[in-house]
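Have a look at the structure below before the remarks.
The values are calculated or read from the model by the stated rules, or taken from the named source; none is laboratory data. Values in this document were obtained by computation on a predicted structure and should not be read as measured data. Cβ atoms come from the backbone with ideal geometry, glycine included; neighbour counts cover every protein chain shown.
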Amino acid sequence: MKKTNFIGIDVSKKTLDICLVQGNKVVHLMKILNTKQALKKAFSVLKKEFLVDSDNTLCCMEYTGIYNYLLLEFLWANRYQIWLERAVQIKQSSGISRGKSDELDASRIAFYAYKNQQDCKYWEPEREQIITLKSLLSTRNRLIKVQKQLSVPLKEAQGFVDKKTIKLNKDLAQQPLNAIETAIVKAEQQIVALIKEDENLKRLFFLIKSVDGVGPVVAANIIAKTNEFKNYTEARKFACYSGVAPFPHSSGSSIRGRAKVSHMANKTMKTLMHLAAMAAINTKGELGQYYQRKVQEGKNKMNVINAVRNKIIARIFAVVKRNEPYQKILQNSLA
């Protein structure tokens with residue numbers, strides 16, 4: 001059924017700003033609390049006064065993590081069609097923006113849905129196992145950040161601060177660092193245990209890890225970020241998401257730059273793919289041979305490493321599509 005109502009929702013921790021667009025015109029704005037009770041009352045008003053229902057309405061919002069949860073749960077339970085879009089995508093499509101407010105943001109989101117409805121990607125809830133996996137991975141990332149915040153300054157102080165002061169700081173930091181290290185190990189064990197308890201996660205984990213350079217953490221993150229390869233089915237699109245796909249940089253006859261990767265990418269995934277590439281080129285195998293050969297030919301090292309990242313992603317998507325682990329011997333001539 002063709003949509004006649006487009007609702008843009010600006011989400012924050014405490015409040016929701018809701019904008020209803022009909023026929024390329026804002027017909028209603030409201031601010032409510034981010035609670036189930038407030039949502040129920042607000043959509044009751046929209047239905048009664050503006051004939052909004054699940055069949056003729058598209059609800060669009062930016063992804064804001066856990067602050068989306070109550071809203072998504074309410075809309076899904078009431079069978080509304082949901083478009084969960086990246087904030088940068090909406091911002092880029094809006095052109096030059098003047099002014100900033102929650103109400104203005106809600107209207108921009110609503111108009112984005114109205115103008116781009118043909119490109120809508122309908123949201124569906126992830127499986128409970130994926131939600132738990134994402135939560136565990138996020139906790140692990142936060143633990144590692146805290147670990148670096150404590151340990152890196154101690155290493156950098158060597159040679160610049162007197163030994164007595166360094167020792168005092170090390171003594172203070174050692175106990176929390178030990179606790180953090182224990183927590184990181186435990187988080188990784190829980191991640192692997194969760195994956196092994198689920199047949200599909202276990203299958204994907206095994207397939208992805210068969211590719212050179214891919215370890216447990218990288219594999220788990222790829223499963224989570226792709227939503228079990230439901231959100232991303234093509235290697236090129238995931239490479240773009242991970243910030244490793246090169247794009248041409250030229251214009252007319254005056255600009256002839258080398259291909260560049262986009263900065264509008266998931267920085268965590270980009271870092272993980274870099275670690276996977278470094279692991280692959282530093283071990284015996286096809287990708288290590290490829291790296292050495294290209295460097296000897298005079299290719300820029302970072303360009304070659306980025307090519308390795310893309311090869312790893314391509315192989316990951318290939319093994320998942322074929323449902324077969326990567327065959328290193330059979331693929332040797334194709335490296």
Exclusive hit being touching a strand residue (DSSP E or B) at 6+ places or on another chain (Cβ under 9 Å) and surrounded by fewer than 18 Cβ atoms within 10 Å (Cβ to Cβ), set 246, 176, 153, 216:
246
Please specify each residue of the stretch 314-330 satisfying the condition of being at pLDDT below 95, of a type in the set (S, T, N, Q) and farther than 11 Å from residue 210 by Cβ.
none
Exactly one of (1) surrounded by fewer than 19 Cβ atoms within 10 Å (Cβ to Cβ); (2) of a type in the set (Lys, Arg); (3) at pLDDT 95 or above is unmet by residue 140. Its number?
(1)
Which condition number does residue 20 fail, the rest of (1) aliphatic (A, V, I, L, M); (2) outside any helix (DSSP H, G or I); (3) within 29 Å of residue 131 (Cα to Cα) being met?
(3)
Conditions (1) exposed (fewer than 15 other Cβ atoms within 10 Å of the Cβ); (2) within 16 Å of the chain's Cα centre (by Cα); (3) farther than 30 Å from residue 307 by Cα -> residue 236 fails only (3)
Just a yes or no: is a residue in the stretch 211-224 under 22 Å from residue 127 (Cβ atoms), without any contact (Cβ under 8 Å) to a residue 24 or more places away in the chain, in a loop (DSSP other than H, G, I, E, B) and not basic (Lys, Arg)?
no
Meets criteria (among the aliphatic types (A, V, I, L, M), surrounded by fewer than 16 Cβ atoms within 10 Å (Cβ to Cβ) and without any contact (Cβ under 8 Å) to a residue 24 or more places away in the chain) for residue 32:
no
Criterion first (buried (at least 17 other Cβ atoms within 10 Å of the Cβ) and either touching a strand residue (DSSP E or B) at 6+ places or on another chain (Cβ under 9 Å) or within 12 Å of residue 210 (Cα to Cα) (or both)) does residue 281 satisfy it?
no
Those residues that are buried (at least 16 other Cβ atoms within 10 Å of the Cβ) and free of Cβ contacts under 8 Å to residues at least 40 places away in the same chain, I need them from the stretch 1-27; list them, please.
22
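In the list 75, 39, which residue meets the criterion of being surrounded by 14 or more Cβ atoms within 10 Å (Cβ to Cβ), touching a Phe, Trp or Tyr at 6+ places or on another chain (Cβ under 6 Å), free of Cβ contacts under 8 Å to residues at least 40 places away in the same chain and under 25 Å from residue 126 (Cβ atoms)? Break it down into steps so the answer makes sense when it comes.
Numbers: 75 fails: touching a Phe, Trp or Tyr at 6+ places or on another chain (Cβ under 6 Å).
The match here is 39.
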Given (1) over 24 Å from the mean Cα position of the chain (by Cα); (2) surrounded by 15 or more Cβ atoms within 10 Å (Cβ to Cβ); (3) under 21 Å from residue 12 (Cα atoms), identify the lone condition not met by residue 57.
(3)
With the structure loaded, tell me whether residue 67 is touching a residue at least 24 places away in the same chain (Cβ under 8 Å), within 22 Å of the chain's Cα centre (by Cα) and loosely packed, with under 14 Cβ neighbours inside 10 Å or whether it fails that test.
no
Only one of these is of a type in the set (Lys, Arg) and crowded, with 16+ Cβ neighbours inside 10 Å: 163, 196, 225, 170. Name it.
225
